[in-house]
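See structure below.
The values are calculated or read from the model by the stated rules, or taken from the named source; none is laboratory data. Keep in mind that this is a model prediction, so the values were computed, not measured. As a convention, Cβ positions derive from the backbone with ideal geometry for all residues, glycine included, and neighbour counts pool all protein chains shown.
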Amino acid sequence: MYRYDEFDHAFVRQRVAQFRDQVARRMSGELSEDEFKPLRLMNGLYLQLHAYMLRVAIPYGVLSARQLRCLADISRRYDKGYGHITTRQNIQFNWIKLSDMADLLEILADVEMHAIQTSGNCIRNTTADHFAGAAADEIEDPRVWCEIIRQWSTLHPEFSFLPRKFKIAVSGATEDRAALRVHDIGLQLRHNEAGETGFEVMVGGGQGRTPMIAKTIREFLPKAELLSYLESILRIYNQQGRRDNMYKARIKILVHELGAENLAELVEAEWQQVRESAIDLPEAEVARIERYFAPPPFEVSADADLDAARCGDSEFDMWLERNVNAHKQPGYAIATISLKPAGKPPGDITAEQMEVVADLAERFSFDELRATHQQNLVLPHVRKSDLFEVWQTLKAHGLASANRGLINDIIACPGMDFCSLATARSLPVAKEISTRFADIAYQQDIGDLRLNISGCINACGHHHVGHIGILGLDKRGEESYQITLGGRSDKNAAIGEIVGPAFSADKIVDAVETVMLTYLDQRQSGEAFIDAYARMGREPFKERLYANN
């Protein structure tokens, strides 16, 4: 895990002092809200419906036990005893008082955390595969490159006021668990024909009002050239991205208007100039950062006890089947902690639960855990022989739902319960759906499924790429919900298709069950929902959903 150097510590402390003064001037009336707004957004502070919301950065989703305990303490002292994991691997606190902000940021700085660039038209928190450094299908650990991007992009003088917010994701595995193709830039580590490792560069993905899948503009980029190439992309975007209309300001619109080939030519031309004067990547500096991500001291570990425990407890066996993944190190496994218990808001975690997970990370996962863009947590390095004890502890604290990748593993934004931009509620719908499908046997019968909910067209719940997507709308003052089907965020990424007219709030859960029943009635043996939809198309679902209309 990366540790702050002397510059990092000084920089974060200086920012806290600056913001303390800005808050004091706002509270005294010296600054108006309009004057204060850009200053607070630079520090991740949003003004929501009921209170201020603070978004804390978790670079590429990696946390230590000490940091999670700090977040638990913050949730108790400054919030209502819980935090919310976001789809950018960050954590949000929804009930912050402005008068507490500077003290809160000071506490975060004590554990090498901050909220810088979690908002505003800048390069946001770089995300990664949450199994990075552990996954059996990994080519190379992407966290090294995420950290390099973090250091390069933080307060970059040329890219601090872009046309719109900018999001980068990096993956080093063959399976895309980072949703690369719905990011402004997606970077996939891969080998070329000579066996060298570099990046496939994808540009122009995104969701919101105009959802698009990123286009590959370079099949292979040598690792040493990464920063100069990123700088070239950002320069073209900064120069040509639209600033007259915020709804058309993302780089995806520029890619759409220019075409991927034309954009690639512009980037290549800029790159030829940038390479001569741009920051290069000295091998010694890359090696220094790589050392922070060296594998932990794994031990030879037998898993005979695991087999016995699995045979003796069907609940544990079910959790192993759904929430545990293969590790590159023999004798170890990757354990996903679901934050999606039936009837609860997806992604929420209480202070007590944070402390439990911190203890588990310290005892069983080399003091490391991850936040995922699917709003769960991960213990990346657990000995198989310890999994039963880990599961028992999770079960005792309501964290052992064996539903990763099932219908109740819902992604949802905070919606109109908190967000001032939302047009409908997300969390009550998520809770009702998870209650309707609470029976784990029913979930398992349905099988692999991604269900995502957004409370407005900004798509913070990633509904466009859910196998089932739900979009909350305001229809003449009433909440209604539009269904999309067939979306996905993996390497075969696709935007879901709108099925038909929206459903009222009291009908949307029934509509989701109708979709499920249609699938269950017509699927072929062993066929997952997304594959059945690809074969069947939209019409069978549409016909059944609107049969009585």
Filter result for the condition that a residue is assigned to a loop (DSSP other than H, G, I, E, B) and farther than 29 Å from ARG242 by Cα, over GLU175, GLU158: GLU175
From VAL300, VAL382, VAL378, grab the single residue that is modelled with pLDDT under 95 and either over 27 Å from GLU138 (Cα atoms) or not in a helix (DSSP H, G or I) (or both). VAL300
Might you check whether a residue that is within 22 Å of LEU421 (Cβ to Cβ), crowded, with 18+ Cβ neighbours inside 10 Å and of a type in the set (S, T, N, Q) occurs anywhere in segment 514-534? no
Hey, can you tell me all the residues within segment 426-449 that are touching a strand residue (DSSP E or B) at 6+ places or on another chain (Cβ under 8 Å) and either in contact (Cβ under 8 Å) with a residue 60 or more places away in the chain or part of a helix (DSSP H, G or I) (or both)? LEU427, VAL429, ALA430, ILE433, LEU449
Take ASP21 and decide whether it is modelled with pLDDT of 95 or more, exposed (fewer than 15 other Cβ atoms within 10 Å of the Cβ) and of a type in the set (D, E, K, R). yes
Looking at ASP367, ASP386, ASP409, can you tell me which residue is closer than 28 Å to ARG77 by Cα and out of contact with any His (no Cβ under 8 Å at 6 or more places or on another chain)? ASP367
Within segment 345-354, track down each residue that is surrounded by 18 or more Cβ atoms within 10 Å (Cβ to Cβ) and either over 11 Å from GLN375 (Cβ atoms) or hydroxyl-bearing (Ser, Thr, Tyr) (or both). THR350, ALA351, GLN353, MET354
In segment 39-64, which residues are out of contact with any Lys or Arg (no Cβ under 9 Å at 6 or more places or on another chain) and either farther than 28 Å from ALA361 by Cβ or in a helix (DSSP H, G or I) (or both)? LEU41, GLN48, LEU49, HIS50
Does GLU283 satisfy being out of contact with any helix residue (DSSP H, G or I) (no Cβ under 6 Å at 6 or more places or on another chain), loosely packed, with under 15 Cβ neighbours inside 10 Å and within 22 Å of GLN188 (Cα to Cα)? yes
Looking for whichever is under 26 Å from VAL111 (Cβ atoms), surrounded by 19 or more Cβ atoms within 10 Å (Cβ to Cβ), touching a Lys or Arg at 6+ places or on another chain (Cβ under 9 Å) and of a type outside the set (D, E, K, R) here; the options are ASN403, ASN408, ASN376. Which one fits? ASN376
I'm told ASP244 meets every condition in (1) crowded, with 24+ Cβ neighbours inside 10 Å; (2) not in a helix (DSSP H, G or I) except one. Can you identify the failing condition by its number? (1)
Kindly evaluate ARG404 against the criterion of being outside the structural domain of MET516 (by TED's automatic domain parsing) and either at pLDDT below 95 or not hydrophobic (A, V, I, L, M, F, W, C) (or both). yes
Return yes or no: is GLU368 modelled with pLDDT of 95 or more, under 27 Å from SER489 (Cβ atoms), of a type in the set (Asp, Glu) and not assigned by TED's automatic domain parsing to the domain that holds LEU71? yes
Starting from segment 9-37, keep only residues that are under 15 Å from ALA109 (Cβ atoms), then list their pairs with residues that are surrounded by 17 or more Cβ atoms within 10 Å (Cβ to Cβ) and at pLDDT below 95 whose Cβ atoms are within a distance under 7 Å, requiring at least 6 positions of separation or different chains. none
Among the residues of segment 351-364, is any out of contact with any strand residue (DSSP E or B) (no Cβ under 8 Å at 6 or more places or on another chain) and not in a helix (DSSP H, G or I)? no
Just one of (1) touching a helix residue (DSSP H, G or I) at 6+ places or on another chain (Cβ under 6 Å); (2) of a type outside the set (A, V, I, L, M); (3) surrounded by fewer than 23 Cβ atoms within 10 Å (Cβ to Cβ) trips up ASP359, so point out which. (1)
Regarding segment 103-112, can at least one residue be identified that is in contact with a Gly (Cβ under 7 Å, 6 or more places away or on another chain) and of a type outside the set (Lys, Arg)? no
Taking the condition among the charged types (D, E, K, R) and more than 23 Å from ASN452 (Cβ to Cβ), does LYS384 pass? yes
Starting from residues that are in a helix (DSSP H, G or I) and of a type in the set (Phe, Trp, Tyr), keep the ones in segment 1-18 and report whichever is surrounded by the fewest Cβ atoms within 10 Å (Cβ to Cβ). PHE7
Which residue pairs have Cβ atoms under 9 Å apart, sit 6 or more places apart or on different chains, and have a first residue in segment 511-526 that is assigned by TED's automatic domain parsing to the domain that holds ALA430 and more than 10 Å from PHE541 (Cβ to Cβ) and a second that is in a loop (DSSP other than H, G, I, E, B) and small (Gly, Ala, Ser)? ARG523/GLY447; GLY526/GLY447
May I ask you to verify whether ASP506 is loosely packed, with under 14 Cβ neighbours inside 10 Å and either within 16 Å of LEU471 (Cα to Cα) or not assigned by TED's automatic domain parsing to the domain that holds TYR481 (or both)? yes
